[in-house]
Amino acid sequence: MNPTRRSLFVKISTALVYFFLYAPIIVLITFSFNASKTNVLFGGFISRFGPLQMDGSMVVQSPCGPFHWFCELGKNKDVMNAAGNTMTIALTTTMISVIVGTMAALALQRYNFKLKPFTQMSLYIPIVIPEIVMGIGVLVLFSQIFTFINTALALNGDTQLSMGMGTVILSHIAFCIPFVTLVVQARLQGMDKSYEEAAMDLGANELITFWRVTLPMLMPGVLSGALLAFTLSLDDFVITFFATGPGATTLPIYVYGLLRRIITPQVNALSTVWVLVVFCAVMLTQWLESREA
Amino acid sequence: MFQRIRENKPLQGFLLSSLSNLFMVVLLIIPLILTLVISFGRRAPNGTVIYTFSLDNYIRLAGFDPTCEVPGLFGCFNDLYINILFRSIGLAIATTTFVILMAYPLSYFIARAPIKRRNTFLFLVLVPMWTNFVIRVYAWMMLLRTQGVINGFLGWLLGLFGLNFVPLEMLYTPGAVLVGMVYEYLPFMILPIYTSLEKIDNSLYEAAADLGANTLRTFFRVTLPLSMPGVVAGTILVFIPVMGAFVVSDILGGKQFVLVGNLIQRQFLDARDPTFGSAASLVLMVMTLVVTYFYTRKFGFGEEIVVA
């Protein structure tokens with residue numbers, strides 16, 4: 001039997017599922033070049049460069065040509081602000097959760113200690129409960145703490161404590177740690193311990209062994225963990241939605257708000273940029289991983 | 001001091017895990033306990049919480065009215081919340097079923113592809129997931145709208161034959177929510193099923209063929225049983241998030257289509273009754289934990305979940 005033989009049924013259904021996966025994305029990207037301002041129907045591409053010319057709701061000519069909506073996006077202060085917030089949150093979350101998650105993975109894989117069952121359990125919970133439960137949890141926690149402090153210290157107006165970037169970042173870290181630990185632990189499980197034993201035999205102490213042998217061998221796992229944490233944070237809507245406050249609007253929250261009002265091709269342009277950014281992030285980690293291996 | 005840490009392995013383990021423990025206690029365990037405490041409380045007229053011990057919220061969730069004056073146990077019975085709960089469970093089961101049916105052939109195709117091409121095919125599954133969760137829902141909004149892409153295409157197609165076309169009302173229907181859910185969670189099923197299919201040794205297929213089994217028989221007696229760990233892991237990865245989802249139903253289902261997630265969200269933001277919302281949130285958590293527990297006890301819990 002030919003191992004790569006696949007029946008016609010499998011081939012056709014595969015093609016249909018790929019079509020299902022890609023059709024919305026292709027529509028999304030195509031509409032980011034839409035000449036029609038209302039974005040209901042595709043009014044063709046904007047092909048001419050030059051000063052902005054409108055014909056009804058159609059863009060006839062734009063200084064940016066087909067990239068009209070990308071230029072508009074760049075001028076949109078709310079979007080730029082939200083993009084900045086999203087990146088700040090994602091990068092901070094990635095850095096902290098990778099360190100904490102890797103440490104926990106080492107502890108769980110290499111050591112026996114009293115609280116081990118608790119550590120294991122607590123890292124398992126966020127994976128098996130719906131995200132909204134954790135979101136409600138942090139909302140309740142922060143709102144109760146802040147209300148308590150605000151009344152206790154009689155704070156009001158601008159000095160009042162409220163949810164914002166800080167609460168979002170903390171919640172994202174807590175949400176990402178379990179996933180980083182899972183990925184790093186999987187890598188640790190498959191690692192040959194004899195290299196570390198050899199280093200110790202040759203006179204390296206624990207710290208040097210860790211730094212020169214364990215960590216470099218662990219690096220692919222740590223990088224995949226980082227990529228996972230980064231994409232989880234970048235993509236997250238639910239936890240952010242409940243943990244956010246004034247001044248901490250992220251891109252998903254901004255888009256969600258827009259969906260209830262008028263939609264312009266700017267949102268599509270944003271999606272196109274988004275795909276490109278994540279594509280670059282993935283390529284970068286792939287490249288780093290192939291260099292490490 | 002340093003020497004003591006070096007020689008004390010349990011202490012090293014404790015220190016390494018302490019940061020993670022700190023985060024999990026403060027941002028997971030304490031919030032869950034607080035949610036439980038608040039769910040026993042009452043809503044003050046200004047929307048804040050009065051801490052007491054009352055089961056009113058749970059009684060209301062079950063469909064009974066604590067202030068009921070009609071005699072008899074079912075005097076004021078209202079199945080509103082029970083219906084919402086069953087709608088969520090039904091949607092989660094339907095989504096999982098469709099996702100398995102769509103993910104399986106694709107995963108099989110990739111697992112049987114030449115080794116060199118497998119990563120490319122997998123990569124192609126992941127690319128659509130690089131747009132944001134909310135943006136993917138928006139894409140379906142563009143497709144399903146009355147004046148959307150699908151209706152536009154159908155109208156154009158029928159127009160070629162000179163037929164008149166009445167646009168279909170697809171957005172704000174339960175079907176739209178189902179399509180959106182399937183789209184969001186499909187990759188979560190493809191990866192684990194692929195992982196378990198890829199592990200099946202080719203000699204097993206050869207043996208089955210040598211012993212005279214036809215394609216269908218080989219599938220049901222060899223392929224399917226051996227790929228069950230992947231299906232189980234994928235089911236958990238799809239079922240749990242759908243149970244708690246509220247964004248997809250909010251955008252594609254309209255105001256009428258309420259899931260448990262929407263109920264909870266509205267209690268915290270619109271209705272401003274955090275105590276009732278907390279109770280609903282805990283019921284949701286316990287329900288998913290119970291389902292996951294029995295499901296994994298029956299089918300086992302594969303390592304596939306890690307790979308995804």
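Some observations on this one:
- Residue within the range B:87-99 that is more than 9 Å from chain A (Cβ to nearest Cβ) and in a loop (DSSP other than H, G, I, E, B) present: no
- The number of residues in the range B:188-239 that are without any contact (Cβ under 8 Å) to a residue 12 or more places away in the chain and part of a helix (DSSP H, G or I) comes to 13.
- Residue selected from the range B:86-106 under the condition touching a Phe, Trp or Tyr at 6+ places or on another chain (Cβ under 9 Å) and not aliphatic (A, V, I, L, M), by the criterion farthest from B:M189 (Cα to Cα): B:R87
- Across the range B:147-167, the qualifying residues are those that are outside any helix (DSSP H, G or I) and in contact with a Leu (Cβ under 7 Å, 6 or more places away or on another chain), and the one among them that is nearest to the other protein chains (Cβ to nearest Cβ) is B:Q147.
- Some residue of the range B:55-65 being touching a helix residue (DSSP H, G or I) at 6+ places or on another chain (Cβ under 9 Å), within 14 Å of chain A (Cβ to nearest Cβ) and of a type outside the set (D, E, K, R): yes
- For the range A:179-213, the set of residues classified as hydrophobic (A, V, I, L, M, F, W, C) and outside any helix (DSSP H, G or I) consists of A:M191, A:L202, A:A204, listed by residue number.
For (1) touching a Gly at 6+ places or on another chain (Cβ under 6 Å); (2) surrounded by 15 or more Cβ atoms within 10 Å (Cβ to Cβ); (3) not basic (K, R), each residue gets a yes or a no:
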{"position": "B:V248", "(1), (2), (3)": "yes, yes, yes"}
{"position": "B:L252", "(1), (2), (3)": "yes, yes, yes"}
{"position": "B:D270", "(1), (2), (3)": "no, no, yes"}
{"position": "B:G277", "(1), (2), (3)": "no, yes, yes"}
{"position": "B:A280", "(1), (2), (3)": "no, yes, yes"}
{"position": "B:Y293", "(1), (2), (3)": "no, no, yes"}
{"position": "B:K298", "(1), (2), (3)": "no, no, no"}
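- Residues in the range B:1-54 that are more than 8 Å from chain A (Cβ to nearest Cβ) and assigned to a loop (DSSP other than H, G, I, E, B): B:M1, B:N8, B:F40, B:G41, B:A44, B:P45, B:N46, B:G47, B:Y51, B:T52, B:F53, B:S54.
- When B:A139, B:A176 are checked against the criterion of being buried (at least 17 other Cβ atoms within 10 Å of the Cβ), of a type in the set (G, A, S), more than 10 Å from chain A (Cβ to nearest Cβ) and within 20 Å of B:F98 (Cβ to Cβ), B:A176 stands alone in meeting it.
- Any chance B:M170 is more than 10 Å from every other protein chain (Cβ to nearest Cβ) and crowded, with 21+ Cβ neighbours inside 10 Å: no
- Candidates A:L73, A:L106, A:L139, filtered to the one that is under 30 Å from A:R187 (Cβ atoms) and aliphatic (A, V, I, L, M): A:L106
Let's see how each residue does on (1) modelled with pLDDT of 90 or more; (2) assigned by TED's automatic domain parsing to the domain that holds A:T86; (3) surrounded by 15 or more Cβ atoms within 10 Å (Cβ to Cβ):
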{"site": "A:A154", "(1), (2), (3)": "no, yes, no"}
{"site": "A:I173", "(1), (2), (3)": "yes, yes, yes"}
{"site": "A:K193", "(1), (2), (3)": "no, yes, no"}
{"site": "A:G203", "(1), (2), (3)": "no, yes, no"}
{"site": "A:F210", "(1), (2), (3)": "no, yes, yes"}
{"site": "A:A229", "(1), (2), (3)": "yes, yes, yes"}
{"site": "A:D235", "(1), (2), (3)": "no, yes, yes"}
{"site": "A:V238", "(1), (2), (3)": "yes, yes, yes"}
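- Residues of the range A:25-61 classified as closer than 24 Å to B:V149 by Cβ, assigned to a strand (DSSP E or B) and in contact with a strand residue (DSSP E or B) (Cβ under 7 Å, 6 or more places away or on another chain), total: 4
The values are calculated or read from the model by the stated rules, or taken from the named source; none is laboratory data. As the structure is a prediction and not an experimental result, all values here were calculated from the model. Note that each Cβ is placed from the backbone with ideal geometry, even for glycine, and that neighbours are counted across all protein chains shown.
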